[in-house]
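This report concerns only the one structure given below.
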Amino acid sequence: FLDTNFLFLSGLIMASAIEEWNLHRRIALRVLMLVGVQPARLILGMMLTTSFLSMWLSNTASTAMMLPIANAILKSLFGEKDTSKDMNRENEENQASLQQNKLYTVPTEMQFLASTEDKDLTEEKEVASDVPSDLKKEEEYKTNIWKGFLISIPYAASIGGTATLTGTAPNLILLGQLKSYFPECDVVNFGSWFMFAFPLMLIFLLLGWLWISILYGGINLRGWRTKKSNIRVDAEARAREVIKEDYQKLGPTKFAEQAIFFFFCMFAIMLFSRDPKFIPGWASLFAPGFISDAVTGISIVIILFFFPSQKPSFRWWFDLKAPNTETQPLLTWRKAQETVPWNIILLLGGGFAMAKGCEESGLSVWIGGRLHPLEGVPPPVAVILITIVIALFTEFASNTATIIIFLPVLAELAIRLKVNPLYLMIPGTIGCSYAFMLPVSTPPNSIAFSSGHLMVKDMARTGLLMNLMGVLLLSLAMNTWAKSIFQLGTFPAWANIHAENATSLLTAVENVTLSAL
């Protein structure tokens, strides 16, 4: 149970407080009001908001929150989708009985494929018989935009999670395993990671938005000058009203929301400025090793448990007749207990224990010794190959499991190649989050797919180019600005110490084996 677990816990508690007071919903609706209601702009607004939220909340929570907002906007733009109605009718009884027994299910892939294909056939017959060509085009446009909206949200959540150390579990596993394998390595912290990953996230998000908008008709390359139909103008006006109405339902900003926003900003600024590397951080005021990211995060979120959720009155102290009523804090421990996914924290700890076991037993050294064929590969090519292999592997396996398996191997391979271990370990870690092609790849993909409007071929077609873009952008980042942030151009002293320990451990293992023989 390393301090990395406590850093993750502080992020989860902050996310619980944000969700408790609906601050995330207010931010999302405000961004959508600013970007406008044209489909391409709305997709951009959705992606920016989802990625920002998933930097601090879990990717799954961000997707689950944004999808209902997207559905409400889409219904106001185009009306109710028929496929979802039919799916609801077919599965209503099953889901009702399952929910009575406290079981929740996501409809299977085959159900979606069958219902969508059947519906498509009936729609084609109706269109062919009595619908004019203009309405047919409008129907195709509507279906494509609907798909573009739904597919952009899980993709943005996966991309946004890479921007902060607390954004997704693989980032924290990298931090924990670095402390285990290379105790002297202090290059990776919240600030340095953010400086590296945030620009990468923004570039990838912009390119991803362009790809999704072009593919699904949000941006029409041929029709920049074509006039909008009256149907679309009316639909956009309705969508604008829906967003405005949802925002007004939240009411005026509460004191609790303002307080949470203040502590959230303080949380981010304190973590970023602790030790940003390019200038001395505030941690330099203390003894070395006394302050870590975990200490910073936990110190701030503890305040949430006693800070009042209503504006305190100073008159109370001087009014002897004032009632002694209990004040509700911004976050109660009961709420934190219910909302924090403790299983993920245990999973992180299990991953660190597994990594330590691989190191202590000599297994990682043994695996590294079997990587001779890769020793002649140029490091930039190795980065691309590693990212491709891990991005494909994580399409079928859990991101957390994937990185736990690969990081020890990448650390040993880097030592064999005599390159900075971070040069291979960081692309491996971020590559785990680039799982876009299948519904089973990540929970956000599954949530979007369970809406019933997406098919496997939609995700595969869109996700293939997203994966390729991710691999190339990550390679570009590692060979440009990451080199100066993490000093990747040299083989560091902290890696040398590990290499010497590994050699002595391997010799000891061989001696034990020979003596046994």
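Taking a 1.4 Å probe, which of 330, 374 shows the most accessible area, and what order do the others take after it? Provide the component values of the computation, followed by the final result.
Numbers: 330 0, 374 65 Å².
Result, largest first: 374, 330.
Could you give the length gained on full extension between residue 206 and residue 366, defined as 0.36 nm per residue of separation minus the Cα-Cα distance, in nm? Don't skip to the answer; put the middle values down first.
Details: separation 160, 0.36 × 160 = 57.60 nm, distance 4.22 nm.
Between residue 206 and residue 366, full extension yields 53.4 nm more.
Residue ranking by accessible heavy-atom surface, 1.4 Å probe, largest first, among 147, 75 comes out as 75, 147. Multiplying the residue separation of residue 483 and residue 339 by 0.36 nm and removing their Cα-Cα distance gives an extension gain of 48.0 nm. Accessible surface ranking for 236, 360, 1.4 angstrom probe, highest first: 360, 236.
So if we plug the beta-carbon distance of residue 1 and residue 139 into 1/(1 + (r/R0)^6) with R0 = 56 Å, what FRET efficiency do we get, rounded to 0.05?
Values: r = 55 Å, r/R0 = 0.98.
The pair residue 1/residue 139 has a calculated efficiency of 0.50.
Put a dot 7 Å past the Cα of residue 324, heading toward its Cβ, do the same for residue 305, and the two dots end up 2.4 nm apart.
Annotation: residue 475 carries an accessible surface of approximately 20 Å², with a 1.4 Å probe and no ligand, DNA or RNA atoms counted.
Just in segment 384-459: which trypsin sites (Lys or Arg not before Pro) are loop by DSSP and have at most 13 other Cβ atoms within 10 Å? Passing sites in segment 384-459 are 418.
With a simple spin-label model that places each label point 7 Å from the Cα along the Cα-to-Cβ direction, the separation between residue 184 and residue 282 comes to 3.1 nm. Solvent-accessible area of residue 423, all protein chains in place: 10 Å² (probe radius 1.4 Å, heavy atoms, ligands and nucleic acids excluded). Ordering 430, 477, 389 by Cα displacement along the dipole of segment 386-499 toward the positive end leaves 477 in first place; charges were set at the Cβ atoms of Lys, Arg (+1) and Asp, Glu (-1).
Note on segment 336-432: Cα convex hull, mean projected area over all directions, 7.1 nm². Working note: Karplus 6.51/-1.76/1.60 with θ = phi - 60° gives segment 241-247 the couplings 5, 4, 5, 5, 5, 4, 5 Hz, where Gly and Pro are set to x.
Using R₀ = 25 Å, calculate the FRET efficiency as 1/(1 + (r/R₀)^6) where r is the Cβ-Cβ separation of residue 465 and residue 27; round to 0.05. Working from the Cβ atoms, E equals 0.25.
The values are calculated or read from the model by the stated rules, or taken from the named source; none is laboratory data. In this text, all values refer to a predicted model and were calculated from it rather than measured experimentally. Positions of Cβ are generated from backbone atoms using ideal geometry, with glycine treated the same way; all protein chains shown enter the neighbour counts. The accessibility values were calculated without ligands, DNA or RNA, using every heavy atom of the protein model including side chains. Shrake-Rupley method; radii C 1.70, N 1.55, O 1.52, S 1.80 Å.
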